[in-house]
Amino acid sequence: MIKFFRKIHLWLSVPFGIIITLICFSGGMLIFEPEITRSVQHDVYYVSSSEGEALPMDELMETVKATLPDSVSITGVTVFADKDRTYQVALSKPRRASLFIDQYSGKITGSYKRLPFFSKMFGLHRWLLDSANPHGDGLKIGKLLVGISTIIFVIALITGVVIWWPKMRKVGLKKALSINFEKGWKSFWKGLHVAGGMYALIFVLAMALTGLTYSFGWYRTAFYAVCGVEHTPRSFGQATPKSDKADAKGEDRHGRGEGRGEGRQGRGEGRGEGRRGGHGHDGEHRGGEHRFSEFGRWQQVYDQLKVANPDAPQITVGPETASVSLGTTGNGRASNRYEFNRRSGEVTPSAMYADSNEADKLRGWIYSIHTGSLGGLLTRILWLLGALLGATLPLTGYYIWIRHLMKKNKHHA
């Protein structure tokens, strides 16, 4: 029986080993992407000085709006608990576009740009740099290969445990998990493959089993079912105001208030609409009716939510909606969502995380487990080490296999 599992372990791993190494390595490189990006682009993500009071949010938004073309609108602003972090202003397009503004000086510090290295790592991790479907569309050849290779990796890990178990019982756990540095490279590489695989087992299995939910719909449905949850389309935007979804579809939610004219750019014909520069909350008139800045109540809404949630890592305010990140251990995407009256600023809860359906909660947990963020810095370090060890397994396996073939051929000769 052990020979059978050895053959499965070998002949499934050999053709997919290089792909498995690339997936593990690229995934590991993405774990600390946010911190590295903020460090490299420090002037974009951090203010020059945090002394004094932050400027009013409507004034900051008008500053950003003045730099945008008519076809692009502001869909929200995120304020971080770290006072040294700049405000992140989300834009309606292109996809995931945002600008950063120093809330103390009013200076736009830059735009969101993924570092080229991480763009390559993400493309490699998700679809093997398949340029035909950079967002997982089209034929999905690269995405399919990633999914199949991940399944093979899971099988290789399980069969590896089956092969390792008899040896462990024979020589003892301590020796079976040792990596010998004193008996030459052959012993080292073999120990790294066998013992290293056991050390990384839990972490790479967690990454692989959750990662497969992003590759195959049938697996995602089965995974949710095993967890006792029925898979349903996302109904609760855990970290994204619902207005962002509308803007992603090309809908402009700005200016849908009374009169449908507020905040539109370049349509002034005597209405005073689209004026830049943040002229207060209710200083414009039309036919005796007060006209409000589209951002007029954003600061008020933020202040209310900040008082109610002093420990929130970040708060996002958008047109008539807001969300508060809970920062709970485990599901890092958990947040509460609110709606507010754009004229009065009255805030009402619309979707509390505690009341969201189980599918949405599980979705956040899957992401946290896959990325290692479920326990903070410690788990992310462990996930990084596990991913790097996982990347070495096919390479050390090739080394052992090739040496075995060379030894076998030498014996026959």
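Out of the residues in segment 138-149 that are small (G, A, S) and out of contact with any Leu (no Cβ under 7 Å at 6 or more places or on another chain), state the one that is least open to solvent (accessible area, probe 1.4 Å). So, considering only residues that are small (G, A, S) and out of contact with any Leu (no Cβ under 7 Å at 6 or more places or on another chain), the one least open to solvent (accessible area, probe 1.4 Å) is S149.
With the condition kept exactly as written, say whether any residue in segment 147-164 is of a type outside the set (V, I, T), closer than 26 Å to I20 by Cα, at pLDDT below 95 and out of contact with any His (no Cβ under 9 Å at 6 or more places or on another chain). Scanning segment 147-164 turns up at least one residue that is of a type outside the set (V, I, T), closer than 26 Å to I20 by Cα, at pLDDT below 95 and out of contact with any His (no Cβ under 9 Å at 6 or more places or on another chain). Applying the set (1) in contact with a Phe, Trp or Tyr (Cβ under 8 Å, 6 or more places away or on another chain); (2) in contact (Cβ under 8 Å) with a residue 24 or more places away in the chain to P349 leaves exactly one unmet item: (2). Applying the set (1) open to solvent by 30 Å² or more (accessible area, probe 1.4 Å); (2) part of a helix (DSSP H, G or I); (3) in contact with a Ser or Thr (Cβ under 7 Å, 6 or more places away or on another chain) to N180 leaves exactly one unmet item: (2).
Note on segment 15-29: among residues that are open to solvent by 30 Å² or more (accessible area, probe 1.4 Å) and within 20 Å of L385 (Cβ to Cβ), the one that is farthest from the chain's Cα centre (by Cα) is L22.
Residue-wise test of (1) within 17 Å of T75 (Cβ to Cβ); (2) in contact with a Gly (Cβ under 7 Å, 6 or more places away or on another chain); (3) in contact (Cβ under 8 Å) with a residue 24 or more places away in the chain.
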| site | (1), (2), (3) |
| --- | --- |
| P310 | no, no, no |
| G330 | no, no, yes |
| S335 | yes, no, yes |
| F340 | yes, no, yes |
| T371 | no, no, yes |
| G375 | no, no, yes |
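Of all residues in segment 69-116, those satisfying the criterion of being touching a strand residue (DSSP E or B) at 6+ places or on another chain (Cβ under 7 Å) and aliphatic (A, V, I, L, M) are V72, I74, V77, V79, A81, V89, A90, L91, A97, L99, I101, I108. Taking segment 35-51 as the range and being open to solvent by 60 Å² or more (accessible area, probe 1.4 Å) and without any contact (Cβ under 8 Å) to a residue 60 or more places away in the chain as the test, the residues that pass are E35, S39, H42, S48, E51. Quick check on T379: is it under 18 Å from the mean Cα position of the chain (by Cα), on the phi < 0 side of the Ramachandran plot, in a helix (DSSP H, G or I) and of a type in the set (S, T, N, Q)? Considered against the rule, which asks whether it is under 18 Å from the mean Cα position of the chain (by Cα), on the phi < 0 side of the Ramachandran plot, in a helix (DSSP H, G or I) and of a type in the set (S, T, N, Q), T379 comes out as yes.
Only a single criterion out of (1) open to solvent by 60 Å² or more (accessible area, probe 1.4 Å); (2) touching a Pro at 6+ places or on another chain (Cβ under 9 Å) is not satisfied by I152, namely (1).
A single member of W165, W218, W185, W189 is open to solvent by 50 Å² or more (accessible area, probe 1.4 Å) and under 23 Å from F4 (Cβ atoms), and it is W165.
Among the residues making up segment 113-127, those that are among the basic types (K, R) and not in a helix (DSSP H, G or I) are K113, R114. The set of residues from segment 369-382 being over 14 Å from L209 (Cα atoms) and hydrophobic (A, V, I, L, M, F, W, C) comprises L374, L377, L378, I381, L382.
The values are calculated or read from the model by the stated rules, or taken from the named source; none is laboratory data. Note that the structure is a prediction, hence the values are computed from the model and not measured. Methodologically, a virtual Cβ is constructed for each residue, glycine included, from the backbone with ideal geometry; neighbour enumeration extends over all protein chains shown. Side chains included, ligands, DNA and RNA excluded: accessible areas come from the protein's heavy atoms. Shrake-Rupley method; radii C 1.70, N 1.55, O 1.52, S 1.80 Å.
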